[in-house]
1. When only residues in the range 113-127 that are in contact with a helix residue (DSSP H, G or I) (Cβ under 6 Å, 6 or more places away or on another chain) and under 15 Å from residue 300 (Cβ atoms) count, which is surrounded by the most Cβ atoms within 10 Å (Cβ to Cβ)?
2. Where residues in the range 25-58 are modelled with pLDDT of 95 or more and surrounded by fewer than 20 Cβ atoms within 10 Å (Cβ to Cβ), which of them is nearest to residue 297 (Cα to Cα)?
3. Taking only the range 455-473 into account, find how many residues are in a helix (DSSP H, G or I) and either farther than 14 Å from residue 490 by Cα or touching a residue at least 40 places away in the same chain (Cβ under 8 Å) (or both).
4. How many of the residues in the range 321-356 are within 29 Å of residue 14 (Cα to Cα) and out of contact with any helix residue (DSSP H, G or I) (no Cβ under 9 Å at 6 or more places or on another chain)?
5. Please state which of the following conditions residue 161 fails to meet, knowing it meets all the rest: (1) out of contact with any His (no Cβ under 8 Å at 6 or more places or on another chain); (2) surrounded by 16 or more Cβ atoms within 10 Å (Cβ to Cβ); (3) of a type in the set (D, E, K, R); (4) in contact (Cβ under 8 Å) with a residue 40 or more places away in the chain.
6. Can residue 385 be described as in contact (Cβ under 8 Å) with a residue 40 or more places away in the chain, surrounded by fewer than 18 Cβ atoms within 10 Å (Cβ to Cβ) and farther than 24 Å from residue 482 by Cα?
7. Return the only residue of 149, 133 being part of a helix (DSSP H, G or I) and small (Gly, Ala, Ser).
8. So, in the range 91-107, of the ones that are of a type outside the set (A, V, I, L, M) and over 20 Å from residue 229 (Cβ atoms), which residue ends up nearest to the chain's Cα centre (by Cα)?
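The values are calculated or read from the model by the stated rules, or taken from the named source; none is laboratory data. All figures in this text were calculated on a predicted structure; none of them were measured in a lab. Cβ placement follows ideal geometry from the backbone for every residue including glycine, while neighbour counts extend to all protein chains displayed.
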Amino acid sequence: MSEEKEKRLIIYNTLSRTKEPFEPLHPPFVGMYVCGPTVYSDVHLGNCRTFISFDMIYRYLLHLGYKVRYVRNITDAGHLEGDRDEGDDKFAKRAKLEQLEPMEIVQKYTLGFHEVMTLFNTLPPNIEPTATGHILEQIEMIKKIMAQGFAYEVDGSVYFDVEKYSREHDYGQLTNRKMEDLLEGTRELGGQDEKRGRLDFALWIKAKPETLMQWPSPWGWGFPGWHIECSAMSTKYLGATFDIHGGGMDLQATHHTNEIAQSEACNHTAPAKYWMHTNMLTVNGVRMSKTAGNGFSAKELFSGNHPLLEKGYSPMTVRFFMAQSHYRSTLDFSNEALQAAEKGYKKLMESLSVLGKLSPGASSSVDIAELEEKCYAAMNDDFNSPVLIANLFEGVRIINSANDKKETLTAADLEALKKLMHTFIFEVLGLRDESKSMAGSDVIEGLMNLIIDIRKSAREKKEWSTSDKIRDELKAIGIEIKDTKEGVEWRI
């Protein structure tokens with residue numbers, strides 16, 4: 001790892017609300033925990049943005065030479081419909097709807113999540129723990145919090161005492177809000193509410209007799225609250241304090257705020273040094289949500305099977321589209337924006353094909369070292385992928401200009417440009433050439449060779465209408481053929 005590049009990397013820390021130099025607690029090792037999916041339905045596109053963004057961050061840290069332990073949990077228990085520990089359990093509700101066991105729901109949607117992440121070409125985390133696989137760790141953490149006096153039991157349920165904790169700690173530090181403001185934003189406790197304070201949240205919830213997912217505990221049969229799982233699993237696999245904790249910005253106010261409180265109450269130290277959050281998605285300027293009717297899953301985006309979509313978009317088109325916006329910026333989905341990203345992605349891939357055929361010159365008319373420095377500068381500035389992409393398209397310009405004999409590159413600079421483009425397009429941005437993956441199929445390759453032979457025969461017989469028809473029909477389905485001096489070339 002280049003020490004100079006390492007020192008120049010700065011990231012935005014939600015906790016301090018400033019950009020800070022990235023200084024791992026135990027270099028070159030980096031501990032990164034990202035809140036994973038709740039697996040009771042198809043993965044939502046907003047979640048996909050978070051996981052794709054952190055995949056890029058993970059890839060860049062690896063590229064710099066860090067040894068990253070990337071932990072991303074699976075929430076498969078304890079997730080109620082509201083943040084106030086009320087409502088039905090989402091897994092049980094889905095299980096009843098689909099007439100399946102809750103763990104069948106978990107398995108079904110976990111596999112679906114992994115399938116979508118594979119299509120998006122994300123690297124798997126080093127560890128992917130589940131809430132149900134760590135019930136004992138959660139119970140032990142709750143016992144420690146109670147021993148410190150920051151939690152209390154009421155009839156088999158255990159609650160975190162936020163107001164008592166706030167007398168010694170800054171409960172609203174992550175969102176920069178004062179206790180008075182937080183209390184003002186909550187409704188008064190009802191007469192039947194077991195909690196002492198309005199902001200108190202459940203660490204353990206007493207199960208009703210009909211509850212499908214429940215476990216024994218010192219307080220009776222029940223299930224863990226939503227927040228405790230991440231604190232228990234991050235502590236187990238990364239220690240009491242680790243480097244990066246990430247997730248969507250919608251987790252800041254409740255989930256991550258409560259994580260910090262219960263982790264500090266248990267471990268007497270801040271759980272993470274850097275907090276990083278991805279921003280929300282909008283559709284035509286309106287926040288994406290199921291209630292607004294503009295939320296869709298990744299599979300719907302791929303197939304185009306949604307009223308708001310004019311057609312389906314490939315996984316790499318979507319990944320490239322997301323990378324065109326900084327992870328902390330709002331990302332607006334529209335058919336126009338997706339189609340523009342589709343053209344940009346294809347242009348980027350086509351340039352690599354041209355790059356592979358360039359011949360070196362005696363001298364260079366461009367500075368590849370300067371372009372490389374700009375690419376690193378972009379990623380070192382809080383993983384600024386839009387600026388990186390702009391620099392990569394400067395590389396595309398150089399490639400096309402060299403192909404047109406307007407600029408020249410020495411053999412050394414040509415190899416440097418190939419390495420630069422490959423590194424940042426494939427290793428860092430995590431894109432892959434979908435046309436090559438399709439063209440690499442033996443079946444498609446064989447069919448195209450057959451079609452080209454038929455067209456060649458037609459041209460030899462001067463059957464121009466047949467030759468043109470083959471060319472035009474192929475173009476209509478997205479396959480372009482080109483006659484060159486060396487023969488016929490084709491690409492998807």
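1. Ranking the qualifying residues of the range 113-127, first place goes to 116.
2. 29
3. Kept after step one, since they are in a helix (DSSP H, G or I), are these residues of the range 455-473: 455-460, 464-473.
Those left that are additionally either farther than 14 Å from residue 490 by Cα or touching a residue at least 40 places away in the same chain (Cβ under 8 Å) (or both): 457-460, 464-469.
Residues flagged as in a helix (DSSP H, G or I) and either farther than 14 Å from residue 490 by Cα or touching a residue at least 40 places away in the same chain (Cβ under 8 Å) (or both) within the range 455-473 amount to 10.
4. Of the residues in that region, 3 qualify.
5. Tallying (1) out of contact with any His (no Cβ under 8 Å at 6 or more places or on another chain); (2) surrounded by 16 or more Cβ atoms within 10 Å (Cβ to Cβ); (3) of a type in the set (D, E, K, R); (4) in contact (Cβ under 8 Å) with a residue 40 or more places away in the chain, residue 161 fails exactly one: (4).
6. On the way: in contact (Cβ under 8 Å) with a residue 40 or more places away in the chain: yes; surrounded by fewer than 18 Cβ atoms within 10 Å (Cβ to Cβ): no; farther than 24 Å from residue 482 by Cα: yes.
It is false that residue 385 is in contact (Cβ under 8 Å) with a residue 40 or more places away in the chain, surrounded by fewer than 18 Cβ atoms within 10 Å (Cβ to Cβ) and farther than 24 Å from residue 482 by Cα.
7. Working: 149 fails: part of a helix (DSSP H, G or I).
Going through 149, 133 in turn, the sole match is 133.
8. Initial filter on the range 91-107 (of a type outside the set (A, V, I, L, M)): 91, 93-94, 96, 98-99, 101-102, 104, 107.
With over 20 Å from residue 229 (Cβ atoms) added as a condition, the list becomes 96, 98-99, 101, 104.
Working: 96: 30, 98: 28, 99: 31, 101: 29, 104: 25 Å.
The selected residue is 104.
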